[in-house]
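K.L.:
To start, I am sharing the structure in question, which I have written as C-alpha cells.
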Amino acid sequence: MKTYKKIIIILTGFAILVSGIYFKQEFFLMIPLFVSLFVMSFQSEANRLGSLIGAINAVIYTAAYLYMGVYVSAASAFFMSVPLQLATFFNWKKNAYKKTVIFKKMSVKMRIISLVALLVSWGISAGVLTYFKYEYAIFDTVTFLLGLAVSILTLLAYIEYTYLWIISAFTGLIVNIQMVINNPKETTYLIYGVYALYCVIVAFINVQKFYREQQIEKQMVER
C-alpha cells in the first residue's frame, strides 16, 4: 500500500474516531467503519483481497446490527453480503490477473436489460416505501439496489460495476448528509461516505487501466 493511501486512511480513521467520541458513539459500533477503510483501499486498487476482508467485515457489521437490534440489516449483511463477497473473492482468484481479475465488458443487450430491471425494481421499491412514509425512500432504495447490482457485476468481473458504483457512492453520500442534518451523531458515516466516494473514483480509473492492459495483451497473443 502506497504511503499517501496510508496517510489518507489514518486521517480518515482519526476523523471518524474524534467525531465518534464527540457524539458519544460506542466504539464497538465504529469498528466496522475502521475495517471498511482498509476494504475500500484494497477495492480501489481492484485487489481481490478487498472482497475477502469485506466478507469478514460483513460479519462484524452483522454483530453490530444485532447489538443495535436492527435485525433486518443483520440478516442482509450475513446472508447476502458475506456470501457475495466470498463468491467474488474465489471467482476473482479463479480468473486471476496479477492481484486483480480478468475483466469483461457487458454487451449492449445486457446493459439495456440490466438498466430496465434496475429501474423497474427501483420504481416498485421506492413506491412501496413512500406509501409507508419512509423518510429516505428514494435515495435509500437507489443506494440498496445499486449496491446489489454493483456486487453482482463485481462478482462476474464486468467493468460496468465501477460506473454504477460511482452513482451508488454519490447517492449514499446524499443519504449520509440527510441523516446528519437530522441526527449529527451520524457524522462518522458521512466522513466514511466521503472517503468511500474517493476510493470508488480511484477504482474506476484502475479498473479501466487493467481492462485496457488486458485487451492489449490479448491482442498480442492473438497475433
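The values are calculated or read from the model by the stated rules, or taken from the named source; none is laboratory data. What you see is a predicted model; the values in this text were computed from it and never measured. Using ideal geometry, Cβ is built from the backbone for each residue, glycine included, and neighbour counts are taken over all protein chains shown. The protein model used for the area step is the full one, side chains on, heavy atoms only, and it has no ligands, DNA or RNA in it. Shrake-Rupley method; radii C 1.70, N 1.55, O 1.52, S 1.80 Å.
K.L.:
Take the range 137-223, drop everything but the C-alpha atoms, weight them equally and run the Debye formula without solvent; then report log10 I(q)/I(0) at 0.14, 0.21, 0.23 Å⁻¹ to two decimals.
P.N.:
-0.56, -0.97, -1.07
K.L.:
Is there a quick way to get the dipole size of the chain? I mean about its Cα centre, with the Cβ of Lys and Arg at +1 and of Asp and Glu at -1; what is the value in debye to the nearest 20? Please report the intermediate quantities before stating the final value.
P.N.:
Working: 19 positive and 9 negative charges, 164 e Å.
Approximately 780 debye in magnitude.
K.L.:
Which cross-chain or sequence-distant (5 or more) residues have an amide H under 5 Å from the amide H of TYR158, H modelled 1.01 Å from N in plane?
P.N.:
LYS104
K.L.:
Under 17 Å from a point 7 Å along the Cα-to-Cβ line of LEU66: which residues of the range 76-100 have their amide N that close?
P.N.:
Once the point is set 7 Å along Cα→Cβ of LEU66, 76-83 turn out to lie under 17 Å by backbone N, inside the range 76-100.
K.L.:
Assuming 0.36 nm per residue, please report the length gained on full extension of the stretch ILE201 to ILE56 beyond their Cα-Cα distance.
P.N.:
That pair, ILE201 and ILE56, stretches by 49.8 nm at full extension.
K.L.:
Can you tell me the equivalent ellipsoid semi-axes for the range 42-96? Use √(5λ) from the Cα gyration tensor, largest first, whole Å.
P.N.:
Working: eigenvalues 119, 22, 8 Å².
Calculated on Cα positions only, the semi-axes equal 24, 11, 6 Å.
K.L.:
Please count, across the range 63-195, the pairs of lysine residues with Cα atoms under 28 Å apart that sit 8 or more places apart or on different chains.
P.N.:
On the way: LYS93/LYS104; LYS93/LYS105; LYS93/LYS109; LYS94/LYS104; LYS94/LYS105; LYS94/LYS109; LYS133/LYS185.
For the range 63-195, the number of qualifying lysine pairs is 7.
K.L.:
Roughly what would the spin-label model give for PHE79 and LYS6, points 7 Å off Cα along C-beta, in nm?
P.N.:
It works out to 4.2 nm between the two label points.
K.L.:
Then there's this: Amide H of TYR97 versus every other amide H placed in the peptide plane: which residues, excluding those fewer than 5 positions away on the same chain, fall under 5 Å?
P.N.:
Here the answer is ILE102, since their amide H atoms fall under 5 Å of that of TYR97.
K.L.:
Please determine, in degrees from 0 to 90 and to the nearest 10, the orientation of helix 27-44 with respect to the longest principal axis defined by the Cα atoms of the chain, where the helix direction is its Cα long axis.
P.N.:
Computed tilt is about 20 degrees.
K.L.:
Which semi-axis lengths, in whole Å and largest first, follow from the square roots of five times the eigenvalues of the Cα gyration tensor of the chain?
P.N.:
Details: eigenvalues 178, 102, 49 Å².
Three semi-axes, in Å: 30, 23, 16.
K.L.:
At 1.4 Å probe size, with the rest of the protein present, what percent of the exposed accessible area of the chain is carbon and sulfur atoms? Walk me through the numbers on the way to the answer.
P.N.:
Details: 9300 of 12820 Å².
After summing per-atom areas, the C and S share lands at 73 percent.
K.L.:
Suppose the chain between ILE174 and ASN95 were pulled fully straight at 0.36 nm per residue; how much longer would it get relative to their current alpha carbon spacing?
P.N.:
24.9 nm
K.L.:
Right, another one. Per residue, how much accessible surface does the chain expose to a 1.4 Å probe? Answer in Å², no decimals.
P.N.:
Numbers: 12820 Å² over 223 residues.
Normalised by residue count, the accessible surface of the chain is 57 Å².
K.L.:
Can you bin every Cα-Cα distance in the range 1-89 into 5 Å intervals starting at zero and give me the percent of pairs per bin, rounded to whole numbers?
P.N.:
Going out from 0 Å in 5 Å bins, the range 1-89 shows 3, 15, 20, 21, 19, 14, 6, 1 percent.
K.L.:
Would you kindly state how much longer the chain becomes between ALA117 and GLU222 on full extension, computed as 0.36 nm times their sequence separation minus their alpha carbon distance, in nm to one decimal?
P.N.:
Extending this stretch completely gives an extra 34.2 nm.
K.L.:
Relative to the longest principal axis of the chain, what angle (0 to 90°, nearest 10) does the C-alpha long axis of helix 161-182 take?
P.N.:
10 degrees
K.L.:
Now a separate question. Go through SER151, TYR97, ILE112 and say which Cα lies farthest out towards the positive end of the charge dipole of the range 28-186; charges sit on Cβ, +1 for Lys and Arg, -1 for Asp and Glu.
P.N.:
TYR97
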